[in-house]
1. Of K49/K200; K65/K200; K49/K140; K126/K181; K65/K170; K65/K140, which sit over 29 Å apart, Cα to Cα?
2. Is the C-alpha gyration tensor of region 94-252 telling us rounded, prolate or oblate? Criteria: a/c under 1.5 is rounded; beyond that, a/b larger than b/c is prolate, otherwise oblate.
3. What helices does the chain have that are whole DSSP H segments, at least 20 Å long along their own axis by Cα, and with mean Kyte-Doolittle hydropathy of 0.5 or more?
4. Could I have the simple spin-label model distance between H151 and T116, label points 7 Å from Cα toward Cβ, reported in nm to one decimal?
5. Could you give the C-alpha radius of gyration of the chain expressed as a fraction of 2.2 N^0.38 Å, taking N as the number of residues it contains?
6. Applying 1/(1 + (r/R0)^6) with R0 = 35 Å to the Cβ-Cβ distance of K49 and S257, what FRET efficiency is obtained, to the nearest 0.05?
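All of the numbers you see were taken from the coordinates with simple rules; none came from a lab. Keep in mind the model is a prediction, meaning the values are calculated, not measured. For neighbour counting, all protein chains shown are included, and Cβ atoms are generated from backbone atoms with ideal geometry for every residue, glycine included.
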Amino acid sequence: MGKGEFELIAAIRERLPPAGDNIGIGDDCAVIPGIEYDTLITTDILAEKVHFLLSYYTMYDVGYKACAVNASDILAMGGEVTGFFVSIAIPKQVSDSDILEFYRGFSECAGPFGVTVLGGDTTASKSDLFISVTATGRVKHGHALLRSTAHAGDIIYVLGRLGESAYGLKLLSEDHAHDRKDPFVTAHLRPPLYPELWQKIRSRYTITSAIDVSDGFLGDLFHILEMSGTSAEINADVSWSAVSSLPALAQTGKITSETARELLWRGGEDYALVFTSPETISESGILAAGRIVNGRPRIMLRENGDIRELDHRGYVHF
Ligand code: ADP
Ligand code: MG
């Protein structure tokens with residue numbers, strides 16, 4: 001890709017006809033309006049050597065993650081998953097039994113959603129393994145949670161874990177044989193989703209916007225700000241350990257507090273949810289991280305009484 005991914009998608013979008021009554025490019029899912037329910041559709045590619053290496057992912061892990069990253073986008077829209085389509089381009093070094101392992105992992109993740117794979121496509125690949133998964137979902141008509149509807153005054157919440165997947169990836173990159181039961185490694189290979197807690201929150205509180213964290217907390221929060229035309233203030237002094245074990249790890253001296261913070265805020269592939277609400281929500285597993293404020297899209301950090309602008313880009317420096 002010559003340009004960045006987001007500029008390219010924006011250029012594609014400009015050249016396409018408008019989406020009409022549908023919500024098209026720009027959110028976690030497309031929304032196709034229905035009568036009682038609206039249909040949600042999302043698709044994500046996992047490319048070998050880009051998203052995963054088979055030296056430390058089993059095919060089971062690849063299958064699990066391919067399901068999780070797509071289910072996460074449906075959850076981020078406030079929807080329930082209704083089905084999956086799986087397309088695979090298989091190179092000769094990947095056997096049929098490898099592919100069946102992939103489906104075992106996929107089904108392990110899909111099972112709790114009460115849905116299965118409804119179709120797909122299979123072809124050969126000349127080089128690497130490519131997997132494209134489409135997930136479908138549904139949400140009560142007009143109730144999809146968008147990125148574009150956060151308001152000044154809303155509180156910014158995190159549901160799920162932050163930075164643990166990125167630290168797991170760091171461990172695996174340094175040692176492909178790293179203990180697979182290590183919770184950080186598990187967070188990377190099989191990202192946890194929290195459909196029940198999220199459902200409970202949605203049923204009790206007004207949620208104004210949501211996104212799932214694939215690019216890092218700051219990067220994905222920035223998508224909400226861009227689409228909502230607002231600014232955010234994040235509070236460094238809240239209890240980030242409610243959503244990450246990295247602050248505790250920094251206290252043991254295993255990583256520096258600087259690394260912990262980088263991973264926590266910029267590490268990707270957590271599949272936590274970032275959402276906004278005008279209400280005070282005190283539930284275990286959820287952190288109030290800051291507030292939406294008026295202003296151009298940017299992220300300000302409050303810390304020890306100071307306030308400064310943060311670079312929102314999803315870089316992780318080890
Ligand atoms: P996510 O991380 O939630 O999966 P992405 O960053 O992959 O979202 O995509 C952002 C938006 O751009 C989504 O609405 C997605 O459907 C859209 N998109 C991505 N790639 C393309 C493409 N090649 N053509 C059209 N739309 C695309
Ligand atoms: Mg997403």
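1. K49/K200; K49/K140; K126/K181
2. Oblate, because a/c is 1.5 or more while a/b does not exceed b/c.
3. Once both thresholds are applied, what remains is 59-76.
4. 4.5 nm
5. Here the answer is 0.98, to two decimals.
6. Once rounded, the FRET efficiency stands at 0.60.
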